[in-house]
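Trainee: The structure under discussion is supplied below as structure tokens; questions concerning it will follow.
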Amino acid sequence: DRGIKAMKIVVLNGSPKGDTSVTMQYVAYIRKKFPDHRYEILNVAADIRKIEKDAAAWNTTLDSVRSADLVLWAFPLYYLVVCSQYKRFIELVFERKAQDAFAGTYASSLSTSIHFFDQTAHAYIHAISDDLGMKYLGFYSAEMRDLLQDEERKRLEKFVSLLFTAVQEKVPVQRENAPLVWPAITYIPGPHQKIQETGSKKVVILTDSDGSSPNLFVMTDRLYKTFSGSVEMINLHDINMKGGCLGCCQCGYDNTCVYTDGYIDFFRNKLLPADIIIMAGSVHDRYLSSTWKQFFDRSFFRGHIPNFKGKQIGFVIAGPLHQVPVLKEALTAWADNGGCNAQFVTDEVSGSGELDLLLDAMATRILQCAESGYIPPHTFYAVGGHKIFRDNIYGGMRIAFQADYRYYKEHGMFDFPQADLKTRLFNALLIPLLRIPGFRKKVFADMKYHMVQPFESVLKSA
Ligand SMILES: Cc1cc2nc3c(=O)[nH]c(=O)nc-3n(C[C@H](O)[C@H](O)[C@H](O)COP(=O)(O)O)c2cc1C
């Protein structure tokens, strides 16, 4: 890299912890290894209040971005995406129409995490970079402890070296995410066909409606009026949430959050008792609002336990959800990991009549699912997620997340294969036997019969 023109690299730090952040250790390492460039680190997540309120702070931030040859989005993963504070910064850029400060500049992203949905976070930042007219050169997703290993440090150096070379050689970049086209309809609901009795089920409709999306307001209003019985509509702006998760991890010990605002009571007393939670929001850039993100991030005080296990979730979205696969994926995966059943309705429809039918169908269906207690089998999202959490909570994260450890232990969630004695015994017996050529030949010749044999008794007694 030496001998090449010095570049200015602006790092947008997405950790609420500011300088004392795991992610920033990676940036510090990069600076040491590539000292010929100028680096500026902007703590946009930690300083979001100031950046939002103070015009001078906002302008200085934008001036720095304008001066960059490369913008590095460097952030920790927070609930499958970035933290709410970083999300707010991104929202401000669009709200204040400051895209020009970013346009035309090269961008890349660097995250630290435990690899739980790191791909969605980078897909989000990629799409944001595209929307800002930046030239996105790919991402580096480090497991938070990677930097401690020689091999991983070398890998990071290779990535950075190639990245810097690409910027200096001004490589062309193709836009991957098409600009969003918003649904054109103004939703005017018709009369209800049927009112749904909630019976023994509790319904909570959570919305972040703030008047900016009339369709969102009308959609939730219709749903609210579709239910009769135990139904409550709660606006996230009214629950007295004082701020975003700080990542301090003090909750890990016994689930006590450092905040003493309204969130904890609301979570415990309103959400946990609900059978059906309808989550309503509109698309803001390539996710929901930063308020919704704050809701998700703050639920971290409960650690990595499936809080909403067994609940029915209805996502009611205003805006082009189906053009933002990463948002659909993040919400679906969140529900799957929580042990929930999720349904979606959006205003991407041809007319109000169609939306009436879809919302009514959601109300009917969600009650049917709640009554039958139907939760779909986990998909890869939660099957994979469980193994990541299980291994970390058993191992490296156990000290910080003792409440999780107790919960996992009590609920039999340390289901490592080595704990499955029957399979171990079977393996110990069969593997040596399979070394005998005649026996092996027979077993493999009949493999498909061996595979269906265990189902025989179930089918007989069904
Ligand atoms: C509220 C919260 C949510 C998190 N969500 C995720 C996640 O979805 N996926 C993941 O792999 N790690 C997640 N993490 C772990 C952090 O991304 C990881 O510890 C990171 O290295 C912290 O970096 P920092 O010190 O720079 O903030 C989460 C941590 C917190 C505090």
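Trainee: Around Ser129, under 14 Å between beta carbons, what's the net of Lys plus Arg minus Asp minus Glu among the other residues? Mind showing how you got there, number by number?
Mentor: Values: positive: Lys135, Arg175, Arg286; negative: Asp130, Asp131, Glu176, Asp285.
Counting the neighbours of Ser129, the net charge comes to -1.
Trainee: Can you show me the helix-derived [θ] at 222 nm for the chain, built from DSSP H runs with n ≥ 4 at -39,500 (n - 2.57) apiece and divided by the number of residues, rounded to the nearest 500.
Mentor: -13000 deg cm²/dmol
Trainee: Ranking Thr61, Thr332 by Cβ neighbours within 10 Å, fewest first, what do you get?
Mentor: If I rank by nearby Cβ atoms, fewest first, I get Thr332, Thr61.
Trainee: Under 5 Å between amide H atoms, partner at least 5 residues away or on a different chain: which partners does Gln196 have, H built in plane at 1.01 Å?
Mentor: Distant-sequence amide H within range of Gln196: Phe227, Ser228.
Trainee: Same structure again: If you bin the C-alpha pair distances of region 196-372 every 10 Å from 0, what whole percents do you get?
Mentor: Binned Cα distances yield the sequence 9, 38, 39, 12, 1, 0.
Trainee: Which of Lys17/Lys158; Lys5/Lys135; Lys8/Lys170; Lys202/Lys311; Lys53/Lys328 have a Cα-Cα distance over 21 Å? Intermediate results must be reported in sequence, preceding the final value.
Mentor: Values: Lys17/Lys158 27 Å; Lys5/Lys135 19 Å; Lys8/Lys170 14 Å; Lys202/Lys311 10 Å; Lys53/Lys328 32 Å.
Checking Cα-Cα distances, Lys17/Lys158; Lys53/Lys328 exceed 21 Å.
Trainee: Starting from the Kirkwood radius over alpha-carbon pairs of region 117-253, derive D by Stokes-Einstein at 10 °C in a medium of 1.306 mPa s and give it in µm² s⁻¹.
Mentor: For the chosen part, D equals 77 µm²/s.
Trainee: Can you put Met134, Met397, Met451, Met219 in order, fewest other beta carbons within 10 Å first? Spell out each step's value before the answer.
Mentor: On the way: Met134 25, Met397 20, Met451 9, Met219 30.
Going from sparsest to densest Cβ surroundings: Met451, Met397, Met134, Met219.
Trainee: Order of Phe301, Phe75 from fewest to most other C-beta atoms within 10 Å?
Mentor: With the fewest neighbours first, Phe301, Phe75 line up as Phe301, Phe75.
Trainee: Going by amide H atoms built from the backbone, whose H comes under 5 Å of the H on Ala280, apart from near neighbours?
Mentor: Answer set, sorted by chain and number: Leu206, Thr207, Asp208, Val316.
Trainee: So for region 420-461, what are the equivalent ellipsoid semi-axes in whole Å, largest first, each being the square root of 5 times an eigenvalue of the Cα gyration tensor?
Mentor: 22, 16, 5
Trainee: Using only the alpha carbons of region 1-152, determine the length spanned along each of the three principal axes and report them from longest to shortest in whole angstroms.
Mentor: 43, 40, 27
Trainee: For Lys194, list the aspartates and glutamates whose Cα falls under 17 Å from its own Cα; do not include residues on the same chain fewer than 8 positions away.
Mentor: Asp221, Glu354, Asp356, Asp360
Trainee: By a straight-distance test (C-alpha under 15 Å), which aspartates and glutamates pair with Lys154 as possible cross-link partners, with residues fewer than eight away in the same chain excluded?
Mentor: Asp1, Glu143, Asp146
Trainee: Hydropathy first: keep DSSP H helices in the chain averaging at least -0.5 on Kyte-Doolittle, then drop any whose Cα extent along the axis falls short of 24 Å, and list what survives. Present the calculation step by step, with values, prior to reporting the outcome.
Mentor: Working: long enough: 150-168 (27 Å, -0.45); 352-372 (30 Å, 0.41).
Sorted by number, the helices that extend far enough and score high enough are 150-168, 352-372.
Trainee: Name all residues of region 266-305 having a backbone nitrogen under 13 Å from the label point set 7 Å from the Cα of Cys248 along its Cα→Cβ direction, giving them as ranges.
Mentor: 301
Trainee: If you don't mind, another one. Just the number, please: percent antiparallel of the DSSP beta bridges in the chain, rounded to the nearest 5.
Mentor: Numbers: 2 of 51 bridges.
Restricted to the chain, the bridges split so that about 5 percent are antiparallel.
Trainee: Follow-up question, since we're still on this one. Quick one: the Cα spread of region 388-462 along its three principal axes, in angstroms, biggest first?
Mentor: Result for region 388-462: principal-axis Cα extents of 53, 37, 18 Å.
Trainee: Follow-up question, since we're still on this one. Say R0 is 25 Å: what FRET efficiency, to the nearest 0.05, do Glu169 and Arg31 get from their beta-carbon distance?
Mentor: 0.70
Trainee: Any idea how far apart Ala428 and Ser228 come out in nm if each label point goes 7 Å out from Cα toward Cβ?
Mentor: 6.4 nm
Trainee: Under the definition of Cα pairs under 8 Å and six or more residues apart, what whole-number percent is the relative contact order of the chain?
Mentor: That works out to 13 percent.
Trainee: Compute the orientation-averaged projected area for the chain from the convex hull of its Cα atoms and round it to one decimal in nm².
Mentor: Spelled out: convex hull of the Cα atoms, projected over all directions, averaged, 28.2 nm².
Read-outs throughout are calculated quantities, based only on the coordinates presented, and are distinct from any laboratory measurement. Nothing here was measured: the structure is a model prediction, and the numbers come from that model. We place every Cβ from the backbone using ideal geometry, glycine too, and count neighbours over all the protein chains shown.
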